[in-house]
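The values are calculated or read from the model by the stated rules, or taken from the named source; none is laboratory data. Keep in mind that this is a model prediction, so the values were computed, not measured. Backbone-built Cβ (ideal geometry, glycine too); neighbour counts: all protein chains shown. To get the accessible areas, we keep the full protein, side chains included, count just its heavy atoms, and leave off ligands, DNA and RNA. Shrake-Rupley method; radii C 1.70, N 1.55, O 1.52, S 1.80 Å.
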Amino acid sequence: MNKNNVLDYLNSIEEVVNDINLKIWSNPEVSGNEEYSANLYRSALEENGFKIVNTPNMEHAFYGEFGSGYPVIAVLGEFDALPGLSQNVDVKFNPTTKNGPGHACGHNLLGAAPFGAALAIKKYLEESKLSGTIRYYGCPEEETLVGKVKMIKAGAFQGCDLALSWHPMTVNSPINKAFLSLNSLKFRFKGISAHAAQSPESGRSALDAVELMNVGANYLREHIIDKARIHYTITNAGGAPNIIPSDAESWYYIRAPHRSDVEEITERLINIAKGAALMTDTQMEMEVLGGCYEYLPNDVLFKLTEDNMSQVQLPEFSVEEKEYALSLQQTIDKKLVNLERRKYLSGEKEDTVIFEGVLSKEEAFNVDVSGSSDSGDVSWIMPMNLFLTASWPLGVANHSWQATSSAGSTVGTKSMMYAARIFTGMMYDILNNHSLVEEAKSEFRVRTEKNKYVSPLK
Ligand SMILES: [Zn+2]
């Protein structure tokens, strides 16, 4: 089998790959509840001769392994959905289940593409008798940003040489800058309740502490780097107004492009919380819910991704698919659509509905995926690539009903098969050229020499 034969084989099993994709899309499960999805992958992998290894103390985390010997390639699959984003494959808001969950981040596609590639590479390993091991990682709880952080802590990735990953989005692009590092913390204040009119002097308001902390945090914004983000909600603000709240709680996310910035800002925020407690004569207790790293790029894997993105067959959308995409795009404010067109297409191709082609290296360097993901953490324990494919029309944001719609449509399926071809092409190249692994690993060692991974989970 040469590379094209392996890619042809992958195309020939599209039905198998799409079957699992659509089953996951139709049975959306939110973070932590991925029982159906994880078991579907476990049994599909087992049926195909993969050995299942479950991650200790994590019900829905596992990997399926095939082959033997060096190199050990990890492909990362996810399958969790988002609450409240249920939607049919429709061009108007039309949930399958009112307020139900939906695959608005396309993790149905995200999990199925590397699954398809794993099956294709399994076939190749059998026929070629080459040395090499493929591991399909079933990674739960991505949307709550803790799954892979816990898996790393449990040692689930031990023995891997490198990891391959992707995400559905609005463009086809290799990525070298992505994910803001993050800390998630809760601050609980304890005061003294009292009658708010009769004896306010006896009370100490925990809500005052929460509010003063928020004021402090808002002043802090002016004295941190531009790219940092601080968001909060008040998760407990007390009960009736005539009772001075003895308990109140806020929940903070701190994000920045580098882990060290997040750690520094977190320390300053903790001081603000302590100050709020001091001002209000209350007690402060803090809970670290989790955190994750930014993506650590790897030039060797970037190049390999870039090459394969333009070498393998790109998706071709039918007239009907383009019409569907246009109708979906028309539900988005035109200004937002144009903003995104300008961002990626340098003012050209003003009528682009679905992105076709691949961004050039220069354009790709400007793409900044500025959410957070626990995939970032994996890139700090071994070399990892990242790429995007156009799974929904330009202007459609991840975590929207339009994205759920597109993720369940044939537009989504085509972008998924494109991603599967990229994974397959990359693995074929790696299995035939081990120096790629060694080069990626030596670059990784240089990048992490003075900056080792420390789990954000205490
Ligand atoms: Zn996602």
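How would you rank 433-440, 410-417, 176-183, highest first, on the average number of other Cβ atoms within 10 Å across their residues? Write down the numbers at each step before the final one.
Numbers: 433-440: 16.5, 410-417: 25.0, 176-183: 23.4.
The packing order, highest mean first, is 410-417, 176-183, 433-440.
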| field | Per-pair calculated FRET efficiency, R0 = 35 Å: H231 and E356 via Cβ, rounded to 0.05 | value | 0.50
| Roughly how many nanometres apart are two label points built 7 Å out from the Cα toward the Cβ at K177 and N218? | 3.0
| said: Could you give the length gained by full extension between S68 and T144, i.e. 0.36 nm per residue of separation minus their alpha carbon distance, to one decimal place? | reply: 24.0 nm
| said: Give the separation of the Cα centroids, segment 348-385 to segment 393-438, in Å. | reply: 11
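Tell me whether segment 339-409 comes out rounded, prolate or oblate; compute the Cα gyration tensor, take square roots of the eigenvalues as a ≥ b ≥ c, and use a/c under 1.5 as the rounded threshold. Write out the running numbers ahead of the final one.
Values: a/c = 2.25, a/b = 1.33, b/c = 1.70.
Oblate.
State, to one decimal in nm², a quarter of the convex hull surface area for the C-alpha atoms of segment 92-233, i.e. the direction-averaged projected area.
16.6
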| said: Counting just the Cα atoms, what span does the chain cover along each of its three principal axes? Round to the nearest Å and put the largest first. | reply: 84, 48, 41
| request: Over 26 Å between C-alpha atoms is what I'm after, so list which of K98/K153; K150/K452; K122/K153 land there. | output: K98/K153; K122/K153
| note | Here, K51 and F365, labelled 7 Å along Cα→Cβ, have an inter-label distance in nm of 4.4
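So what is the accessible area of segment 181-292 per residue, in Å², with the probe set to 1.4 Å?
Working: 5830 Å² over 112 residues.
For segment 181-292, the per-residue accessible area is 52 Å².
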| note | Note to self: C-alpha centroids of segment 1-55 and segment 195-225 sit apart, in Å, by 50
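Here are some pairs, K177/K322; K3/K123; K51/K458; K274/K458; which of them have Cα atoms lying more than 23 Å apart in this structure? Don't skip to the answer; put the middle values down first.
Values: K177/K322 30 Å; K3/K123 12 Å; K51/K458 31 Å; K274/K458 20 Å.
Too far apart for the 23 Å limit: K177/K322; K51/K458.
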| task | Return, for the Cα atoms of segment 278-335, the radius of gyration and Dmax in Å, separated by a comma. | result | 24.1, 67
| said: Using a probe radius of 1.4 Å on heavy atoms only, what accessible surface per residue do you get for segment 325-458? Whole Å² is fine. | reply: 41
| What distance in nm separates the simple spin-label points at N39 and S327, each placed 7 Å from Cα in the Cβ direction? | 3.6
| said: Quick query: amide H of T235 versus all other amide H atoms, modeled in the peptide plane; which residues come in under 5 Å with a sequence gap of 5 or more or a different chain? | reply: E249, S250, W251
| said: Using amide H atoms built in the peptide plane, which far-off residues or other-chain residues are under 5 Å from H258 H to H? | reply: S181
| Portion, in percent, of the accessible area of segment 383-458 that falls on carbon or sulfur, probe 1.4 Å | 55
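Length gain on complete extension for the stretch E264 to H434, per 0.36 nm per residue less the alpha carbon to alpha carbon distance?
On the way: separation 170, 0.36 × 170 = 61.20 nm, distance 3.94 nm.
That works out to 57.3 nm of additional length.
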| remark: Taking protein heavy atoms only, a 1.4 Å probe, and rounding to whole percent, the accessible area of segment 181-292 owed to carbon and sulfur comes out at 53
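In square nanometres and to one decimal, what's the mean projected area of the convex hull around the Cα atoms of segment 34-105? Let's see the in-between values first.
Details: hull surface 26.7 nm².
That works out to 6.7 nm².
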| task | For segment 201-297, build the charge dipole from Cβ charges (+1 Lys, Arg; -1 Asp, Glu) around the Cα centre, then report which of N242, Y293, Y253 sits farthest towards its positive end. | result | Y293
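Antiparallel as a % of all DSSP beta bridges within the chain, to the nearest 5?
Values: 42 of 59 bridges.
If we restrict to bridges inside the chain, about 70 percent are antiparallel.
Two decimals, Cα atoms only, Kirkwood Rh: what is Rg/Rh over segment 181-292?
Numbers: Rg = 14.8 Å, Rh = 14.3 Å.
Result: Rg/Rh = 1.04.
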